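FYI, it's all coordinate maths here, none of it is from the lab. This one's a predicted model, so the numbers in the text were calculated from it and none came from an experiment. With ideal geometry, Cβ positions are generated from the backbone for all residues, glycine too; neighbour counts draw on all protein chains shown.
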Amino acid sequence: MAYIVLVIIIVLAELLRERLHWDKVRKDRLFLGIVIFSCALLMGVRGSEVGVDTKSYQEIFDNISKSGFWDIVANRDDSRMEIGYALLMKVCSCIINNYFFFQIVVSFLFCFGMGKFIRDNSENIVMSTVIFVGSGIFLQAFGITRQYLAVMLVANSWTYLKEKRVIRSSLLIILAATVHNSAILFFI
């Protein structure tokens with residue numbers, strides 16, 4: 001049902017985009033903003049039974065929220081996950097100690113990061129956004145959030161690499177590797 005609502009939002013956003021008498025860039029950004037915000041909200045408010053790893057991440061979050069920063073940095077918190085993701089959990093738990101707050105933060109980071117990638121790398125924002133939602137990238141991120149957060153960071157590093165901003169690109173890849181080790185393969 002939620003996915004049907006998202007499809008309706010995409011259609012309505014496109015109808016709005018077509019009716020506005022704005023330049024193409026502003027219309028595209030409005031469309032992208034509406035759809036990406038809707039995706040982030042849908043992903044962020046999902047139940048703990050949605051997604052392969054959501055329940056286990058909730059348990060890990062509860063353990064990390066009880067750990068000190070030093071225990072996380074020294075990897076003594078027994079989470080057995082990359083330090084960047086564990087630290088993000090800890091920071092979120094310090095703001096609001098609730099797994100669903102963390103889930104919303106990660107959902108917004110992922111969706112708006114993918115929106116930035118689409119905006120920076122696509123001539124056809126509408127088609128690219130529909131591909132993002134319809135190809136499975138968005139839905140798979142519900143289940144393997146940590147991996148897709150790393151994918152989003154690596155994808156955005158590509159933008160910097162194209163612009164020959166190697167240091168920024170490398171920093172994003174390193175950050176991605178602190179979220180999921182597989183991101184280091186992008187260096188190759």
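If R0 equals 22 Å, the separation of the Cβ atoms of Lys116 and Ile174 corresponds to a calculated FRET efficiency of about 0.75. Taken along the Cα-to-beta-carbon direction at a fixed 7 Å, the label points for Leu16 and Leu161 span 3.5 nm. Considering only alpha-carbon pairs that sit under 8 angstrom and 6 or more positions apart, the relative contact order computed for the range 99-188 is 25 percent. The range 130-188 and the range 15-92 have Cα centres separated by 14 Å. Hydrophobic long helices, here whole DSSP H runs in the chain with Kyte-Doolittle means of at least -1.0 and Cα atoms spread over 15 Å or more along the helix axis, are found at 2-19, 24-44, 83-95, 99-121, 145-162, 166-179.
Across the chain, C-alpha contacts under 8 Å between residues 6 or more apart give a mean separation that, scaled by the residue count, equals a relative contact order of 22 percent. With 0.36 nm allotted per residue and the present C-alpha distance subtracted, the Asn181-Val7 stretch has 59.3 nm of extension available. The distance between label points at Val45 and Phe100 comes to 1.0 nm (points 7 Å beyond Cα on the Cα→Cβ vector). Taking R0 as 25 Å, what's the FRET efficiency between Ile144 and Arg26 from their Cβ-Cβ distance, rounded to 0.05? Once the sixth-power term is evaluated, E becomes 0.15. Annotation: peptides 139-146, 68-75, ranked by per-residue average of other Cβ atoms within 10 Å with the highest first, follow the order 139-146, 68-75. Partners of Lys24 within straight-line reach, counting aspartates and glutamates whose Cα lies under 13 Å from its Cα and excluding those fewer than 8 residues away in the same chain: Glu14, Glu123. Sorting 122-133, 90-101 by their mean Cβ neighbour count within 10 Å, with the most densely packed peptide first, gives 122-133, 90-101. Based on C-alpha pairs under 8 angstrom that are at least 6 apart in sequence, the range 13-117 has a relative contact order of 34 percent.
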